[in-house]
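Data first, discussion second: the structure below is written as structure tokens.
The values are calculated or read from the model by the stated rules, or taken from the named source; none is laboratory data. Here the structure is a predicted model, which means the values were calculated and not measured. Backbone-built Cβ (ideal geometry, glycine too); neighbour counts: all protein chains shown. Surface accessibility is based on the protein's heavy atoms, side chains included, excluding ligands, DNA and RNA. Shrake-Rupley method; radii C 1.70, N 1.55, O 1.52, S 1.80 Å.
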Amino acid sequence: MSELAQVNGSQAGGAVITGAAGGIGQALAHALVHEGHPALLVGRDESRLQALQTSLRAAHPGCFVAYVVADLNEQSGRDAVAQAVGADKRWSMLVNNAGTSEFHSFETQTAQRIEHIIQTNLVSPMLLVQQVLPALLGRADAQIINIGSVFGDIGYPGFSTYCASKFGLRGFTQALRRELSDTPLRVRWFAPRATQTSLNTAAVVNMNNALKTKADTPEHVADLFIEFLHSDRNEMVIGWPEKLFVFINRIRSAITDGAIGGQLAVIRKYMPR
Ligand SMILES: NC(=O)c1ccc[n+]([C@@H]2O[C@H](COP(=O)([O-])OP(=O)(O)OC[C@H]3O[C@@H](n4cnc5c(N)ncnc54)[C@H](OP(=O)(O)O)[C@@H]3O)[C@@H](O)[C@H]2O)c1
């Protein structure tokens, strides 16, 4: 089911935000609407999308906010989003934010969880991008922004499958950007570090506290997203020392092996098995 009613026009490109009702998604939606972007909220839970739409309209009177209820792991869900994007030229930005995670020993992680994480974080965004490409290629200032993670660069114990999905998404982002570099469509990578959302279980939060790993608020992530949006950069990784480790890991991964090796005993203490 979808609700596509115009409240007001806007000059800024319309943003399609997947996983909009999640922690980072809600903050992104508020920040983008605040900047004057119409927003198309995508998620599986209609009541949460409706609540977000109501709060956006209350906070930003006159804004244009619509939603599409869609499970992006289903063809019918991706079809619903592609249909909405194709039908209305205002949508020129796709923010692939929907995602899932599991902190778990890889040895005992179930095949079902492995497939679900790879499907949600990698296969479904790729298939959605493929479906909306024809529409976006015909629109001015169009862009796709894939929400990655610092774990799309840094392989981290307890997150083997999640890291594989985000490394894959980063590779897809980079390759597609280069494949489309002779078109106006931009394909970009925005990578948060740990963020205070329900994606992270108590085990993750406890481990992060024990390791003194900083976790950003979703609102801070959204502020940096807007900064990124206005920049000409194709990639942004959030936070120190994460940014530094991403850089070092790209040029000399053995150094990061050593640093993370020093954390392994603590990580194992918290890692579900
Ligand atoms: N939190 C962190 O520490 C962190 C760090 C780096 C990167 N990220 C990335 O940031 C993005 C947002 O994460 P978050 O922390 O905001 O997590 P979150 O609060 O759990 O939100 C994730 C959202 O993804 C949606 N989603 C999951 N599977 C879906 C599917 N099959 N179809 C449609 N929607 C689906 C969920 O929608 P429903 O509302 O329908 O459940 C949910 O709203 C993810 O890509 C994540 O990997 C998060």
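Some points to look at:
- Top-ranked residue of the range 214-224 - restricted to ones that are assigned to a loop (DSSP other than H, G, I, E, B) and more than 10 Å from the ligand (Cβ to nearest atom), ranked as most open to solvent (accessible area, probe 1.4 Å): LYS214
- In a residue-by-residue description of the range 201-208, the property of being within 12 Å of the ligand (Cβ to nearest atom) and closer than 26 Å to VAL129 by Cβ applies to no position.
- Of the residues making up the range 182-195, those that are farther than 15 Å from VAL150 by Cβ and in contact (Cβ under 8 Å) with a residue 12 or more places away in the chain are THR183, PRO184, LEU185, ARG186, VAL187, ARG188.
- Check on ARG268, in contact with a Pro (Cβ under 8 Å, 6 or more places away or on another chain), over 24 Å from HIS34 (Cα atoms) and not hydroxyl-bearing (Ser, Thr, Tyr): yes
- Test: residue in the range 170-190 that is β-branched (Val, Ile, Thr) and in contact with a Pro (Cβ under 8 Å, 6 or more places away or on another chain): no
- Single condition GLY158 does not satisfy, out of (1) outside any helix (DSSP H, G or I); (2) open to solvent by 30 Å² or more (accessible area, probe 1.4 Å); (3) of a type outside the set (A, V, I, L, M, F, W, C); (4) over 19 Å from MET93 (Cα atoms): (2)
- Residues of the range 126-146 that turn out to be open to solvent by 10 Å² or more (accessible area, probe 1.4 Å) and within 15 Å of the ligand (Cβ to nearest atom), as a count: 3
- Residue match in the range 181-195 (condition: open to solvent by 40 Å² or more (accessible area, probe 1.4 Å), within 24 Å of GLU219 (Cα to Cα) and near the ligand (Cβ under 8 Å from one of its atoms)): no
- Matching residues in the range 167-202 - criterion: being touching a helix residue (DSSP H, G or I) at 6+ places or on another chain (Cβ under 8 Å) and part of a helix (DSSP H, G or I): PHE167, GLY168, LEU169, ARG170, PHE172, LEU176
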